[in-house]
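In what follows, a single structure is set out as structure tokens and then discussed.
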Amino acid sequence: MKRKFYLTTAIDYVNSKPHLGTAYEKIAADCLVRARRLAGDEVLFVMGNDEHSINVARRAEEEGLAPLAYCDRMGDEFRAAWKRLNISFDDFIRTTEPRHRSAVEEIIRRVRDRDHITTSRYKGWYCEGCEAFFTGKDLEDGVCPTHRKKARWVEEENYFFRLSHFRDRLLEHIREHPEFILPATRRNEVVSFLEAGLDDISISRAGESWGIPFPDDPGHTVYVWFDALTNYLSAVGFGSDEERCEKWWPADVHLIGKDITRFHCIIWPAMLMAAEVPLPRTVYAHGFITHSGEKMSKSLGNIVNPLDVVDITGADPLRYFLLREITFGKDGDFDWERFVSRYNADLANDLGNLVKRTVDMTAKFLNGKIPRGAGGGTSLAEVATGATAKALACYESFDLSGALSAAWELVRESNRTVQELRPWEIAKDPARGDELNAVLSDLLEAVRVVSVLASPAMPERTGLIRERLGLAGDAAPGLVDTDWRAGSGWSVNPGDPVFPRIKKDESPAPPASP
């Protein structure tokens with residue numbers, strides 16, 4: 001049965017270009033939604049940019065541009081980066097769009113009508129990097145633990161959201177729906193924070209011109225987090241397209257970085273409760289990417305631009321490395337030598353050689369064609385069935401590394417089959433023609449199944465593999481076509497290696513982006 005699946009990623013600040021950390025989130029999200037599309041689900045995949053920020057306005061001023069003109073330019077850069085990484089988003093929301101403003105105004109109206117917004121004078125610490133207010137206990141000697149900069153003391157008359165009223169309801173919801181926050185480590189962190197108590201939060205800033213004017217009070221702008229979080233609703237028409245909103249909301253998955261868990265698992269659901277809007281089903285907080293063991297930062301000069309890697313290897317090898325190497329939900333590391341080793345071992349040697357040898361042997365010994373009914377020459381069908389079940393279950397449970405590992409069980413078994421049965425030896429005996437047909441047919445079918453199972457991670461290269469097999473297009477959209485098609489007949493198209501090897505001494509590490 002076709003299911004509805006709505007997934008969002010965190011929207012990105014546009015005061016700097018995409019880096020490997022932001023790319024990792026988008027690649028993981030893309031892998032998840034491609035797996036859902038293969039399963040036949042109706043998918044809505046939304047990404048976007050967070051443009052109402054003091055930091056964005058300052059960066060625009062440094063560039064000599066009006067804020068909106070700067071955001072327009074950066075929007076084009078982000079979209080171009082995601083295109084080169086094969087990210088298949090369905091919608092791209094920008095917080096400067098009219099549909100977003102309508103959604104923000106509507107949610108504030110609903111929350112205020114239910115008496116969850118008040119006014120008060122705010123006194124507290126504000127980190128401009130986080131665009132967030134902190135209590136003294138959250139700071140380390142007055143320094144933001146994330147940006148390592150002194151927080152600024154702010155005093156002003158603001159609108160406040162009665163967040164403290166929702167502590168018990170949030171705890172109840174999390175306990176009744178443990179799937180609401182994943183992985184469990186993040187859920188435990190949020191529960192501990194809630195149990196310590198909540199304070200009401202400021203949701204407006206006075207005297208700021210860049211932002212959405214607070215409804216009925218243009219002297220204030222909507223506080224950036226109350227503004228930004230609403231993008232998940234504005235993308236599906238909340239406040240502007242009731243029919244579309246009813247179809248897609250609630251979201252099935254918000255995919256975010258672990259540093260913004262509290263905003264998404266406390267403030268956001270409390271906002272929705274206050275507005276009497278259903279909560280998303282799952283907020284999944286992934287880990288960070290380090291570079292050679294160190295946190296990436298501009299000051300260290302070790303920020304990796306993902307497009308530098310794409311220039312050398314293409315997008316799919318980078319996608320594969322990040323998804324296979326890192327246990328989703330935990331922190332991971334990008335190191336060029338490890339990347340090259342994983343590429344050569346898994347892609348060039350294991351899968352690439354399997355594709356090349358199988359297709360070339362079919363071309364050489366059978367003129368590129370295997371008749372129908374020729375399968376059944378190996379035990380690969382049983383291995384494929386097990387690998388498929390395991391991979392699909394892993395995709396469903398956010399275990400992206402496990403899904404690829406399961407696909408590689410079939411790759412490794414196929415390579416063992418080649419070594420054990422030695423088709424080139426079988427080809428020497430004309431009397432063993434049927435046996436040769438059967439063995440090569442099974443090997444080609446195993447490669448086809450792998451091309452489907454790995455396609456969410458590597459959509460471009462698996463499409464090329466299917467071309468080598470004589471199959472048109474990508475893995476069948478709307479259908480996980482992994483049933484073993486024994487003896488289906490083949491007409492292959494030999495070509496260059498799908499994954500040419502990389503030599504470490506000829507492939508320097510991509511330069512760090514300034």
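Some values worked out for this structure:
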read-out	value
Inverse of mean 1/r across different Cα pairs in region 212-262, Kirkwood, Å	12.7 Å
Largest-first ellipsoid semi-axes for region 1-78, taking √(5λ) over the Cα gyration tensor eigenvalues, angstrom	32, 12, 9
Paramagnetic label zone (point 7 Å from Cα along Cα-to-C-beta, residue 288; backbone N under 20 Å) in region 229-268	255-265
Within region 22-127, GluC sites (Glu not before Pro) in DSSP loop having at most 14 other beta-carbon neighbours inside 10 Å	63
Residues of region 15-30 with amide N under 17 Å of the 7 Å Cα→Cβ point at residue 3	29-30
Extension gain from residue 337 to residue 69, taking 0.36 nm per residue of separation minus the Cα-Cα distance	92.5 nm
Backbone N under 16 Å from the residue 491 label point (7 Å along Cα→Cβ), restricted to region 347-391	363, 366-373
Where labels lie 7 Å past Cα in the beta-carbon direction, separation of residue 79 and residue 428 in nm	6.1 nm
Alpha-carbon centroids, region 91-116 and region 423-468: separation in whole Å	53 Å
Mean projection area, nm², convex hull over Cα of region 183-247	6.9 nm²
Lysine pair number, Cα distance threshold 30 Å (strictly under), region 282-427, separation 8 or more or different chains	6
Ellipsoid equivalent to region 327-418 - semi-axes via the Cα gyration tensor, in Å	30, 19, 9
C-alpha center-to-center spacing [region 335-411, region 221-264] in angstrom	39 Å
Pairwise Cα inverse-distance average, inverted: Kirkwood Rh of the chain (Å)	25.0 Å
Accessible area (Å², per residue) of the chain, counting only protein heavy atoms and a probe of 1.4 Å	42 Å²
Tail beyond 14 Å, pair distance distribution of region 148-208 (Cα, percent)	67 percent
Ellipsoid equivalent to region 288-373 - semi-axes via the Cα gyration tensor, in Å	37, 13, 10
Proportion of all alpha-carbon pairs of region 425-471 beyond 17 Å (%)	43 percent
Debye log10 I(q)/I(0) for region 228-321, one point scatterer per Cα, at q = 0.18, 0.20, 0.24 Å⁻¹	-0.90, -0.97, -1.17
FRET efficiency for residue 367 and residue 152, using Cβ-Cβ distance with R0 set to 51 Å, rounded to 0.05	0.10
In nm, spacing of pseudo-spin labels at residue 396 and residue 90 (7 Å Cα→C-beta vector)	2.0 nm
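The values are calculated or read from the model by the stated rules, or taken from the named source; none is laboratory data. Every value quoted in this text rests on a predicted model; they were computed, and no experiment measured them. Ideal geometry is used to build each Cβ from the backbone, glycine not excepted, and the neighbour counts take in all protein chains shown. Remember, those area values only see protein heavy atoms, side chains included, never the ligands or the DNA or RNA. Shrake-Rupley method; radii C 1.70, N 1.55, O 1.52, S 1.80 Å.
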